[in-house]
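Novice: Below are the structure tokens for one structure; questions will follow.
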There are 2 protein chains.
Amino acid sequence: MSAAARVPGETPGQNGDSEGVKGGPHLNGPLTDHDEGLQFLTDAFEIILEEALRKGTDRQEKVCEWRDPEELRVLLDLDLQEAGESHGRLLQRVRDVAKYSVKTHHPLFFNQLFAGVDYHSLAGRFLTETLNTSQYTYEVAPVFVLMEEVVLSELRSLVGWAAGDGIFCPGGSVSNMYAMNLARYRAFPEVKLRGLWAVPRLAVFTSQECHYSVRKSASFQGIGIENVHPVRVDPRGGMIPEDLEEKIELAKSQGAVPFLVSATSGTTILGAFDPLDRIADVCEKHGLWLHVDAAWGGSVLFSKKHRHLMKGIERADSVAWNPHKMLMAGLQCSAFLLKDTTNLLKRCHCANATYLFQQDKFYDLSYDTGDKSVQCGRKVDCLKLWLMWKAVGTRGLEERVDKAFAYTRFLVEEMKKREGFQLVVEPEFVNVCFWYAPPSLRGQEGSEDYRDRLAKVAPTIKERMVRKGSMMVGYQPQHDRVNFFRAVVLSPQLTRDDLLFFLDEIERLGSDL
Amino acid sequence: MSAAARVPGETPGQNGDSEGVKGGPHLNGPLTDHDEGLQFLTDAFEIILEEALRKGTDRQEKVCEWRDPEELRVLLDLDLQEAGESHGRLLQRVRDVAKYSVKTHHPLFFNQLFAGVDYHSLAGRFLTETLNTSQYTYEVAPVFVLMEEVVLSELRSLVGWAAGDGIFCPGGSVSNMYAMNLARYRAFPEVKLRGLWAVPRLAVFTSQECHYSVRKSASFQGIGIENVHPVRVDPRGGMIPEDLEEKIELAKSQGAVPFLVSATSGTTILGAFDPLDRIADVCEKHGLWLHVDAAWGGSVLFSKKHRHLMKGIERADSVAWNPHKMLMAGLQCSAFLLKDTTNLLKRCHCANATYLFQQDKFYDLSYDTGDKSVQCGRKVDCLKLWLMWKAVGTRGLEERVDKAFAYTRFLVEEMKKREGFQLVVEPEFVNVCFWYAPPSLRGQEGSEDYRDRLAKVAPTIKERMVRKGSMMVGYQPQHDRVNFFRAVVLSPQLTRDDLLFFLDEIERLGSDL
């Protein structure tokens, strides 16, 4: 049948596609009948509730149903075919995807800087997906243009700014990139048109323990990784301001032009907070843009008890903060916040596309915020955070943060009561970094192969827990430290028993090593 | 109550947060009780089905319930408070967000390069949101690491490549940025470490009608907008290869080093396809990377009947293709495809973070694909496309594309039968660009103020349709063309009657102008 024979005139009504269907309404035809579609969605929703949410949060179920890649590939039958599949087969696929995926909601998932589930946020995410719009103009996203601004404004208030600007980005790395581009534009606006050849060699400063996205940004933006100058850290992992000052002077003496310091609130591994007030002094003295990568740590600003960790944050020029981490807003939700009130964000990024940003629209064009972005289409990331915030209030989010600190403290104290556990540093935040020395290694600290043997413990215990599915926690080496565990304690759905189980399980899995 | 008093020991069990709750279980406490959470989600799901999907696709309902920004702000009560809100109030908020959002699923939404709804994709999106994981490692996203590779491989097959590489990016602009960065890295790998100061001034070539993201990329990546050389287009909007060659020679003569041609398959406004084969000849001759921005047009590769529009695509080095547009996979779903088989993507972007990409893992590390990305956390964008593809098969997607072309042809033929409608160009694709001259303007083409008066027609009709909520279609000026409409015809849920209504409504809204 040719396309011409399928001209719409022959297929009036809402179900005009049935003539293209072979083998029944669900096979090989675009599913465009709304009633059938809603039925599929409803059936899939039930499976999602049961398999991903009920089982996914149940301590009696596994955190992951591990399969090696080749086996999983066969199990999932991933290849795509000419013909479509039946309703029943597709629902089974929904079930399988849920079954073999890691349950990041599970109380025993300590592996990443996100965990747990917030059902209000999740409802907001379902609504976002259903409304399927892009954040560029008021015309096509009226609710979300207004909502984004309110949410950003509330986050800015927590930073300590009465005014400013901002945007939601696809993740903290991109937020950090925005900071680098804006800092560069403020210092050398000619780069936008003429490129880096028009300006002297630039220099960025960040700590040795910053997130790797600072280096990725420098590479992507043509600045080059060698022009990111690593600043030394103190034993707890915070940037040393005196060394920052030295590195700035050194770069200048080598002919480079410093323009940006990227400090970190909550480093990825240790959870350290850079001393912002002292770093801000250095930035002021040298006229540098101060960006704070608070993707991980920013949420402490909700807590009256813990926000001192970010003392001085209001002196920053920009902040990256991911509510999808500690606040459980769901991936992705990354706010890039700016102190600037001169429309720098738009001036730096705008391209004035006529087909989106018509100048003769009938409403106030300042609501068409899309040209602030380096994206064109941009996902709506504000609704989930807004709905969750409406649901629990600022106090509820504060409680979430305080509770994570309290649970962390509990875990650390319990760890100290047990043999074989050794903290890498006393946690400032909710990253609990520790070595576990099994019985055979205890008292052997002086032996020649101690470090090599200790380095093998974490990977082995990790493999065992994943194959068993009992829990998940990350590990890594760092500088001269051999492999150590990093347990991230953040979900308010955790109980004391979960944390005790965590310690018991490390002991069980490592006892024979 | 201090945080210390809330140490988890006092609150065992799954509902350990009730002691922090004031005013009932739904007020001011993190919602962490799973049963309550599931109930909220289920209630919200019912509202989403009714308000966003049933009403959102119903021709008797409005495409948008327009409110001016200040009025909408008050209606929505967006401000965030210290205390949380009740279950019932929150459900009303879900209803309100749906009510005042634009119904991009509505058959009379012709405003953007996306429209319609695919329920299988939507189910995949709900599952993605629920599983809440990031695409960086096999460890934490086993299903999606394998699935992404299968989907990318199938898309590459349609391009005509038996092997290659790729990644899903947050939108077509970012995919285009990836192309620019990779092309630069292939030509000058030293940029990654040393920055652009280490290399001569670079030059990019793209047509006058390319997407604005090419210029945004050049700015963001430090190359500068002035180093993007616009190539002239023929009357239908396709790049003129002879002019490309001239511009390359000119740039070289001015001391710049060409490295990238960004061609377009499906321009944003007219839907034009650049002549890839002839552009590839030029790229080969000069040793330039050929990127094809097929974000919009790429889906024609599914159609045996229409894929000739992209003849020569297999000669490209990279392709950006957004299945969230014509295939209805849902925002965001943007594939960046590469012909390269030398691991260029990873070499260009890798930072080897130890906490994610441990080298002593127990499985094949080639499955940890996250270091190919300039993001760290990265949303799962493959599941929705995969599930939809499984559901309707390759043939179903082909049918979707063919149908959009057939409907476009129908609209164009109907338009030609009516007075006052004038095509800007004969459509190559599914963008129908046209002026509408109301009765008072007909026969006045020679008058002095004709252009000025015609330019005001589209904005006025647009305002009227939006305030009425009857339909949505975009408009823009272009070069020396005054404002014209661009109707995007893509949803298979359209009927002939919808298209006739579209024309009737333009006439009704513009008759008195």
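Rundown of residues vs (1) in contact with a Ser or Thr (Cβ under 8 Å, 6 or more places away or on another chain); (2) facing chain B (nearest Cβ under 9 Å); (3) without any contact (Cβ under 8 Å) to a residue 60 or more places away in the chain; (4) not acidic (Asp, Glu), yes/no style:
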residue: A:303; (1), (2), (3), (4): no, yes, no, yes
residue: A:376; (1), (2), (3), (4): yes, yes, no, yes
residue: A:403; (1), (2), (3), (4): no, yes, no, yes
residue: A:408; (1), (2), (3), (4): no, no, no, yes
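Novice: Whether any residue in segment B:229-241 is within 14 Å of chain A (Cβ to nearest Cβ), out of contact with any strand residue (DSSP E or B) (no Cβ under 6 Å at 6 or more places or on another chain) and farther than 20 Å from residue A:349 by Cα is what I want to check. Talk me through it step by step, then tell me what you get.
Specialist: Initially, segment B:229-241 is screened for residues within 14 Å of chain A (Cβ to nearest Cβ), giving B:229-230, B:237.
If we keep only those that are out of contact with any strand residue (DSSP E or B) (no Cβ under 6 Å at 6 or more places or on another chain) as well, we get B:230, B:237.
Narrowing the set further to residues that are farther than 20 Å from residue A:349 by Cα leaves B:237.
There is at least one residue in segment B:229-241 that is within 14 Å of chain A (Cβ to nearest Cβ), out of contact with any strand residue (DSSP E or B) (no Cβ under 6 Å at 6 or more places or on another chain) and farther than 20 Å from residue A:349 by Cα.
Novice: Report yes if residue A:329 is modelled with pLDDT of 95 or more and in contact with a Phe, Trp or Tyr (Cβ under 6 Å, 6 or more places away or on another chain), otherwise no. Please lay out each step first, then the result.
Specialist: Numbers: modelled with pLDDT of 95 or more: yes; in contact with a Phe, Trp or Tyr (Cβ under 6 Å, 6 or more places away or on another chain): no.
So residue A:329 fails the test.
Novice: Can you spot a residue in segment A:350-364 that is buried (at least 24 other Cβ atoms within 10 Å of the Cβ) and under 28 Å from the mean Cα position of the chain (by Cα)? Explain how you work it out, then say what you get.
Specialist: Pass one, segment A:350-364, residues buried (at least 24 other Cβ atoms within 10 Å of the Cβ): none.
No.
Novice: Kindly provide the set of residues from segment B:132-181 that are within 10 Å of another protein chain (Cβ to nearest Cβ) and in contact with a His (Cβ under 9 Å, 6 or more places away or on another chain), ordered by number.
Specialist: Those that are within 10 Å of another protein chain (Cβ to nearest Cβ) and in contact with a His (Cβ under 9 Å, 6 or more places away or on another chain): B:132, B:171, B:172, B:173, B:176, B:178, B:180, B:181.
Novice: In segment A:65-81, what residues are among the charged types (D, E, K, R), touching a residue at least 12 places away in the same chain (Cβ under 8 Å) and more than 8 Å from chain B (Cβ to nearest Cβ)? Before the answer, list the steps.
Specialist: At the first step, the residues of segment A:65-81 found to be among the charged types (D, E, K, R) are A:65, A:67-68, A:70-71, A:73, A:77, A:79.
Going one step further and asking which of them are touching a residue at least 12 places away in the same chain (Cβ under 8 Å), we end up with A:65, A:67.
Within segment A:65-81, just A:65 meets the criteria.
Novice: Look through B:322, B:352 and report the one residue that is in contact (Cβ under 8 Å) with a residue 24 or more places away in the chain and in the same structural domain as residue B:189 (by the TED database).
Specialist: Working: B:352 fails: in contact (Cβ under 8 Å) with a residue 24 or more places away in the chain.
Exactly one of B:322, B:352 is in contact (Cβ under 8 Å) with a residue 24 or more places away in the chain and in the same structural domain as residue B:189 (by the TED database), namely B:322.
Novice: Looking only at segment A:441-462, count every residue that is surrounded by 13 or more Cβ atoms within 10 Å (Cβ to Cβ) and over 21 Å from residue A:269 (Cβ atoms) and tell me the total.
Specialist: 4
Novice: Does segment A:416-433 contain any residue that is among the polar types (S, T, N, Q), closer than 30 Å to residue A:165 by Cβ and within 21 Å of the chain's Cα centre (by Cα)? Give the steps one after another, and end with the answer.
Specialist: Of all residues in segment A:416-433, those among the polar types (S, T, N, Q) come to A:422, A:431.
Filter once more, so that each one left must be closer than 30 Å to residue A:165 by Cβ: none.
No; the residues of segment A:416-433 include none that is among the polar types (S, T, N, Q), closer than 30 Å to residue A:165 by Cβ and within 21 Å of the chain's Cα centre (by Cα).
Novice: Here's another thing I want to ask about it. Of the residues in segment A:458-492, how many are assigned to a loop (DSSP other than H, G, I, E, B), under 16 Å from residue A:237 (Cβ atoms) and facing chain B (nearest Cβ under 7 Å)? Outline the logic, then answer.
Specialist: Within segment A:458-492, the first condition is being assigned to a loop (DSSP other than H, G, I, E, B), and the residues that meet it are A:469-471, A:479-480, A:489-492.
Next, from what is left, pick out any that are under 16 Å from residue A:237 (Cβ atoms): A:479-480.
Cutting the leftovers down to facing chain B (nearest Cβ under 7 Å) gives us none.
So the count comes out to 0.
Novice: Any idea which of (1) in a loop (DSSP other than H, G, I, E, B); (2) under 17 Å from residue B:314 (Cα atoms) is the one residue B:262 doesn't satisfy?
Specialist: Here residue B:262 clears every test but (1).
Novice: Could you list, ordered by first residue, the pairs with Cβ atoms under 6 Å in which the first is in segment B:101-124 and buried (at least 24 other Cβ atoms within 10 Å of the Cβ) and the second is aromatic (Phe, Trp, Tyr) and in a loop (DSSP other than H, G, I, E, B), at least 6 apart or interchain?
Specialist: Qualifying pairs under 6 Å: B:113/B:296.
Novice: Considering segment B:158-188 alone, what residues qualify as being part of a loop (DSSP other than H, G, I, E, B) and either of a type in the set (Asp, Glu) or free of Cβ contacts under 8 Å to residues at least 40 places away in the same chain (or both)? Give the derivation first.
Specialist: We begin by selecting, within segment B:158-188, every residue part of a loop (DSSP other than H, G, I, E, B); these are B:160-164, B:170-171, B:188.
Of everything in segment B:158-188, just one residue is part of a loop (DSSP other than H, G, I, E, B) and either of a type in the set (Asp, Glu) or free of Cβ contacts under 8 Å to residues at least 40 places away in the same chain (or both), namely B:162.
Novice: What number goes with the only condition from (1) buried (at least 20 other Cβ atoms within 10 Å of the Cβ); (2) more than 22 Å from residue B:181 (Cβ to Cβ); (3) touching a residue at least 60 places away in the same chain (Cβ under 8 Å); (4) out of contact with any helix residue (DSSP H, G or I) (no Cβ under 6 Å at 6 or more places or on another chain) that residue B:330 does not pass?
Specialist: (4)
Novice: Additional query: So residue B:460 passes all but one of these: (1) under 27 Å from residue B:62 (Cα atoms); (2) touching a helix residue (DSSP H, G or I) at 6+ places or on another chain (Cβ under 7 Å). Which condition number does it fail?
Specialist: Looking at each condition in turn, residue B:460 falls short on (2).
Novice: Against the definition (under 28 Å from residue B:395 (Cα atoms) and polar (S, T, N, Q)), how does residue B:128 come out, yes or no? Before the answer, list the steps.
Specialist: Details: under 28 Å from residue B:395 (Cα atoms): yes; polar (S, T, N, Q): yes.
Yes, satisfied.
Novice: Search segment B:275-296 for residues that are assigned by the TED database to the domain that holds residue B:259 and on the phi < 0 side of the Ramachandran plot and pair each with any residue that is part of a helix (DSSP H, G or I) and among the basic types (Lys, Arg) when their beta-carbon atoms are under 6 Å apart and the residues are at least 6 apart or on different chains.
Specialist: Close Cβ pairs (under 6 Å, with a partner that is part of a helix (DSSP H, G or I) and among the basic types (Lys, Arg)) amount to B:280/B:315.
Novice: Now, a different point. So, in segment A:374-394, exactly how many residues are in a helix (DSSP H, G or I) and β-branched (Val, Ile, Thr)? Quick ask: steps written out before the conclusion?
Specialist: Of segment A:374-394, the ones in a helix (DSSP H, G or I) are A:382-394.
Those left that are additionally β-branched (Val, Ile, Thr): A:392, A:394.
Count: 2.
Novice: Continuing with this model, one more query. Keeping to segment B:141-156, report how many residues are among the small types (Gly, Ala, Ser) and over 16 Å from residue A:102 (Cα atoms). Please lay out each step first, then the result.
Specialist: Step one: filter segment B:141-156 for residues among the small types (Gly, Ala, Ser), giving B:141, B:153.
Next cut, over 16 Å from residue A:102 (Cα atoms) only: B:153.
The number of residues fulfilling the criteria is 1.
Novice: Looking at (1) over 23 Å from residue B:101 (Cα atoms); (2) surrounded by 24 or more Cβ atoms within 10 Å (Cβ to Cβ), which one does residue B:490 not meet, given that it meets all the others?
Specialist: That leaves (1) as the condition not met.
Novice: Determine which member of the set B:488, B:457 is touching a strand residue (DSSP E or B) at 6+ places or on another chain (Cβ under 8 Å), in contact (Cβ under 8 Å) with a residue 24 or more places away in the chain and closer than 23 Å to residue B:116 by Cβ.
Specialist: Values: B:457 fails: closer than 23 Å to residue B:116 by Cβ.
Only one candidate passes the filter, namely B:488.
Novice: In addition: Would you point out which residue out of A:342, A:369, A:354 is touching a strand residue (DSSP E or B) at 6+ places or on another chain (Cβ under 6 Å) and not charged (D, E, K, R)? It would help to see each step written out before you state the result.
Specialist: Working: A:342 fails: touching a strand residue (DSSP E or B) at 6+ places or on another chain (Cβ under 6 Å); A:369 fails: touching a strand residue (DSSP E or B) at 6+ places or on another chain (Cβ under 6 Å).
After ruling out the rest, the residue left standing is A:354.
Novice: Evaluate segment A:400-412: report whether one residue or more is β-branched (Val, Ile, Thr), buried (at least 18 other Cβ atoms within 10 Å of the Cβ), within 21 Å of the chain's Cα centre (by Cα) and not in a helix (DSSP H, G or I).
Specialist: No; the residues of segment A:400-412 include none that is β-branched (Val, Ile, Thr), buried (at least 18 other Cβ atoms within 10 Å of the Cβ), within 21 Å of the chain's Cα centre (by Cα) and not in a helix (DSSP H, G or I).
Novice: Okay, next question. Please go through segment B:135-153 and give me each residue that is among the acidic types (Asp, Glu) and either under 16 Å from residue B:294 (Cα atoms) or more than 20 Å from the chain's Cα centre (by Cα) (or both), ordered by number. Before you say what the answer is, go through the steps one by one.
Specialist: So in segment B:135-153, the residues among the acidic types (Asp, Glu) come out as B:139, B:148-149.
Correct list: B:139, B:149.
So that you can scan it fast, the table gives a plain yes or no per residue for (1) in the same structural domain as residue B:297 (by the TED database); (2) closer than 26 Å to residue B:490 by Cα:
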| residue | (1), (2) |
| --- | --- |
| B:66 | no, yes |
| B:80 | no, no |
| B:97 | no, yes |
| B:106 | no, yes |
| B:111 | no, yes |
| B:118 | no, yes |
| B:143 | yes, no |
| B:146 | yes, no |
| B:151 | yes, yes |
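Novice: Give the residue that is surrounded by the most Cβ atoms within 10 Å (Cβ to Cβ), with candidates limited to residues of segment B:142-159 that are under 17 Å from residue B:391 (Cα atoms) and among the β-branched types (Val, Ile, Thr).
Specialist: B:151
Novice: I would also like to ask the following. Of everything in segment B:45-64, what is outside any helix (DSSP H, G or I) and either at the interface with another protein chain (Cβ under 9 Å from one of its Cβ atoms) or exposed (fewer than 14 other Cβ atoms within 10 Å of the Cβ) (or both)? Give them in sequence order. Steps first, answer last, please.
Specialist: Step one: of segment B:45-64, the residues outside any helix (DSSP H, G or I) are B:58-64.
Residues satisfying the conditions are B:58, B:59, B:60, B:64.
The values are calculated or read from the model by the stated rules, or taken from the named source; none is laboratory data. Please read these numbers as outputs of a predicted model, since none were measured by experiment. We place every Cβ from the backbone using ideal geometry, glycine too, and count neighbours over all the protein chains shown.
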